[in-house]
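J.: Handing you this structure, nothing more for now.
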Amino acid sequence: MSGRTPFTNDEDSLLVKYIATYNPSNKGRSGNTLYQTLCKDADNKWKWSRTHPWQSWRDRYCKNQREFDIKIKKYQIKHDILAADENMVEKSSEERPVGLTKRKRENDTEEKCAKAKHDLASINVQVTLSRA
């Protein structure tokens, strides 16, 4: 007797980790490439993915997208993974995970604050000169 192999909770957790790491933004998560790369497993990193064809992994995500996206976001927060660009989708297994660390986010925030202070000081000087 042959049939479909049901997904396990462990497989769901591994899929969350994979997507959170290799496709940190929401864009592209329901496409084919992400799941084809998973099942191609060129570097033997995801042996667990062999239990289902790529189409099944994709369907699993798409049919439970809301629940997966919540779990993925929680995983990303816990591991300091932030999508650097909403258009990023991994194209091959050779690419490294894309994201910003907490330190990088803090540095970006400091730079933005410094620029805002500079801009505000410039405006204050212009207002003072225009009143004189």
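J.: Hey, can you rank 8-19, 43-54 by average C-beta count inside 10 Å, highest first?
T.: Ranked by mean Cβ neighbours within 10 Å, highest first: 8-19, 43-54.
J.: Roll a 1.4 Å probe over the protein chains and send me the accessible area per residue for the stretch 36-79 in Å².
T.: Numbers: 2990 Å² over 44 residues.
Each residue of the stretch 36-79 exposes 68 Å² on average to a 1.4 Å probe.
J.: Using label points projected 7 Å from each Cα along Cα→Cβ, tell me how many nm separate LYS78 and ASP59, to one decimal.
T.: 2.9
J.: Next question. With each label point set 7 Å from Cα along the Cα-Cβ vector, what nm distance links SER30 and THR51?
T.: Label at SER30, label at THR51, 2.5 nm between them.
J.: Another question, then. For the stretch 1-61, which whole-number percentage of the solvent-accessible area (1.4 Å probe, protein heavy atoms only) is attributable to carbon and sulfur atoms?
T.: 45
J.: Once the piece of chain linking ASP69 and LYS40 is laid out straight, how much longer is it, given 0.36 nm per residue of separation minus the C-alpha distance between them?
T.: So the chain would gain 8.1 nm between ASP69 and LYS40.
The values are calculated or read from the model by the stated rules, or taken from the named source; none is laboratory data. Owing to the predicted nature of the structure, the values given are computational and were not obtained by experimental measurement. So basically every Cβ, Gly included, is an ideal-geometry build from the backbone, and we count neighbours across all protein chains shown. The accessibility values were calculated without ligands, DNA or RNA, using every heavy atom of the protein model including side chains. Shrake-Rupley method; radii C 1.70, N 1.55, O 1.52, S 1.80 Å.
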